[in-house]
1. On alpha-carbon atoms, Rg over Rh for segment 55-133 using Kirkwood Rh?
2. I'd like the FRET efficiency for Lys104 and Asn290, computed as 1/(1 + (r/R0)^6) with the beta carbon distance as r and R0 of 25 Å, rounded to 0.05.
3. Mean residue ellipticity at 222 nm from the helices of the chain, using -39,500 (n - 2.57) per DSSP H segment of n ≥ 4 over the full residue count, to the nearest 500 deg cm²/dmol?
4. Of all DSSP beta bridges located in the chain, what percent are antiparallel, nearest 5?
5. Note the listed values (i) 24.9, 81; (ii) 19.5, 57; (iii) 26.6, 87, then indicate which one is Rg and Dmax of the Cα atoms in Å calculated from this particular structure.
6. With every protein chain left in place, what is the accessible area of Trp307 in Å² (1.4 Å probe, nearest 10)?
7. Given a 1.4 Å probe and heavy atoms of the protein chains only, how would you sort Asp291, Asp251, largest accessible area at the top?
8. Just want the answer: with Cβ charges of +1 for Lys and Arg and -1 for Asp and Glu, which residue in Ala288, Ile189, Ala87 is farthest toward the dipole's positive end in the chain?
Amino acid sequence: MLKAYKYRIYPNYEQRVLIEKHFGCSRFVFNWALALQKRYYAMFGKSLSRSKIQSHLVKKKKKAQFAWLNEVNSQSLLNALLNVYTAFTNFFKGHAKFPRFKSKKIPQRSYQCPQHCTVNFEQGIINLPKIKGIKAVFSREFVGNIKTVTISKTATGKYYASVLVDNADILPTPTTIEPRLTVGIDLGISHLLNLSDGSKFDNPKHLAKASKRLAIQQKIFARKQKTSKNYQKQKLAVARIHEKVRNARLDLHHKITHSLICENQATSYAIEDLGVKNMVKNRKLAKAINDVGWGQFVTLLTYKANWYGKNILKVSRFFASSKICSHCHHKLDTLPLSVRNWTCPSCQTQHDRDTNAASNIRSQALADVAGRATV
């Protein structure tokens, strides 16, 4: 089983200089390889293999004008080539968009070290190729073989090390899906989660709460000259607000997913397969949808369920969960978003819109599983 552990690191000045060189060189190699692939594809209608790109890079590093590429870890540069190759492969398979060049103006940066990385918990340091003895704060320890270490820098200038570890554990086999131990989950905006048993989790609306403070700082930021130091200072102030919002949202999602997976008797969770990218095209709801972070929540819930052998059941995004009566299955023609409670015209049952949707998602997921079993 592969698990990642993210730690805050505190490099000194010399170490920061080397880390920045790795950022720059990895970005340069990625952009160079991407341009090479585009030219080759335009000429011959196919992409270069990994071995040919690597041979081109080796020749390039031997030239005097590119000797600075030898100052960084060679494995990190090869990993940048691998990222280009993977991006092209995913594009041709239809899994992703065409890869884009990386800009040096984006403050978030990262590079990977796939080999020769060690962690010393007693001394509180991380050793990387070319960079030794980086101070780190270890919130928890791990046991296993280190696969890769990803060094990243946030927009606020903080450095992190994400350590991918193979702990030799085997993912548990998913448990049998039982109706009484299955929970339907409806993701919403007014409430973050609505469960089929009637439970609800409030949406704290982190970005909406910080919008007033953010607007003030962005207005000040808009007045600064781009070449001034005050421009960079104010840019950092705006980034801190966004980082605080992002961290608060992530912390809440971790707490809720932990309570659902580890502090709940349910073994299966039914959710909608939401098309978030299409939903944010609605200009009236885009900001609220991005604020609630449905995609991040589903990602956390999915991998934690896999860790503990529980099931994630997905229902089609085109299933009309809100407009169907969970008692008699009568379907309404229309149901505006402003209507939060409604009465079924067939059986006269009063419904809470979100709880009813969660119940329908649960029923539909169980029906899909039963259908697959019979087939």
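1. Working: Rg = 16.0 Å, Rh = 15.3 Å.
Using Cα coordinates only, the ratio equals 1.05.
2. The pair Lys104/Asn290 has a calculated efficiency of 0.45.
3. Details: 9 runs with 163 residues, N = 375.
Only helices count here, giving -14500 deg cm²/dmol.
4. 85
5. Entry (i).
6. 80
7. Working: Asp291 10, Asp251 75 Å².
Descending order: Asp251, Asp291.
8. Most positive-ward Cα: Ala87.
The values are calculated or read from the model by the stated rules, or taken from the named source; none is laboratory data. All of these numbers come straight from a predicted model, not from anything done at the bench. Cβ atoms come from the backbone with ideal geometry, glycine included; neighbour counts cover every protein chain shown. Remember, those area values only see protein heavy atoms, side chains included, never the ligands or the DNA or RNA. Shrake-Rupley method; radii C 1.70, N 1.55, O 1.52, S 1.80 Å.
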